[in-house]
1. With a Förster radius of 45 Å, plug the Cβ-Cβ distance of residue 105 and residue 189 into 1/(1 + (r/R0)^6) and report the FRET value to the nearest 0.05.
2. Using the 10 angstrom Cβ neighbour count as an exposure proxy, how do 75, 160 rank, fewest first?
3. Convert each backbone phi in region 75-81 into a coupling constant with the Karplus relation 6.51 cos²θ - 1.76 cosθ + 1.60 (shift: θ = phi - 60°), then list the ³J(HN,Hα) values in order as whole Hz, x for Gly and Pro.
4. Under the Karplus relation 6.51 cos²θ - 1.76 cosθ + 1.60, θ = phi - 60°, what is the ordered set of whole-Hz ³J(HN,Hα) values for region 141-149, x standing for Gly and Pro?
5. Output the antiparallel fraction of DSSP beta bridges having both residues in region 91-176, as a percent to the nearest 5.
6. With a cut-off of 14 Å, note down the residues of region 76-119 whose backbone N falls inside the zone around a label point 7 Å from the Cα of residue 170 toward its beta carbon.
7. Quick check: the angle from helix 37-50's long axis to the longest principal axis of the chain, C-alpha only, nearest 10 degrees?
8. Neighbour counts of other C-beta atoms within 10 Å: give me 9, 52, 145, 118 arranged from fewest to most.
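We did not get these values from a lab; they are worked out from the coordinates using the rules stated. This structure is a prediction, so every number in the text was calculated from the model and none was measured. Backbone-built Cβ (ideal geometry, glycine too); neighbour counts: all protein chains shown.
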Amino acid sequence: MGKGKKPATYEDIEALPVGWVGEILGDELVASPRPALPHARVASALNALLSTAFDLGHPEIRGGWWILSEPELHLGRDIVVPDLAGWRRERMPDPSFMDEPFSTVAPDWVCEVLSPSTVHVDRERKLPLYHREGVSHVWLIDPPTRTLEIHRRRERDWLLAASHRGDGEVRAEPFDAVPLRLGALWLPRSGATPTPIAPA
């Protein structure tokens, strides 16, 4: 933020035009347009896959998660809206924070779907913030290259634990108890048959 400039406030977010998402990073307002369809497709498909298996219940999985789409997170002075976020139920057995319009409890997992307007913010500004707040895993998904990056938190930085590309089936921590078919996330190429959205 420039010297002498007033810190952004929540009122700045509320003043944004319809269709824009506002976040506050380092006292600076960061505004992004609503995502394009390939971006939205990835987020909605991934939410369906993970929520079915890990939030709504799966007979082969112990424990569980609370998984939310585009939750508003108030983390110290910063306000962020990741595409998806998840809290382990063993850490948050009482989801009372869901009764509020935002959460002040950092999630255990975050997913950001990259787009040209947000890639710098997601990689250079949000990753350090998520590390500071103790988020254990961050997924970065790039729809044009059909790539999933899995970042695992270490004490001082992030470890790129895995990078998957294409349409195949992968085991993606921290949700590696159930295979994830990457092809289910992408908009089908012209003339291609869509991959069903269902857990393996």
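1. Working: r = 40 Å, r/R0 = 0.88.
Step by step, r from the Cβ atoms, then E = 0.70.
2. 160, 75
3. After applying 6.51 cos²θ - 1.76 cosθ + 1.60, I find 10, x, 8, 8, 10, 10, 10 Hz.
4. 10, 10, x, x, 9, 6, 10, 10, 9
5. Antiparallel: roughly 70 percent of the beta bridges in region 91-176.
6. 111-114
7. Roughly 60 degrees, rounded to the nearest 10.
8. 145, 9, 52, 118
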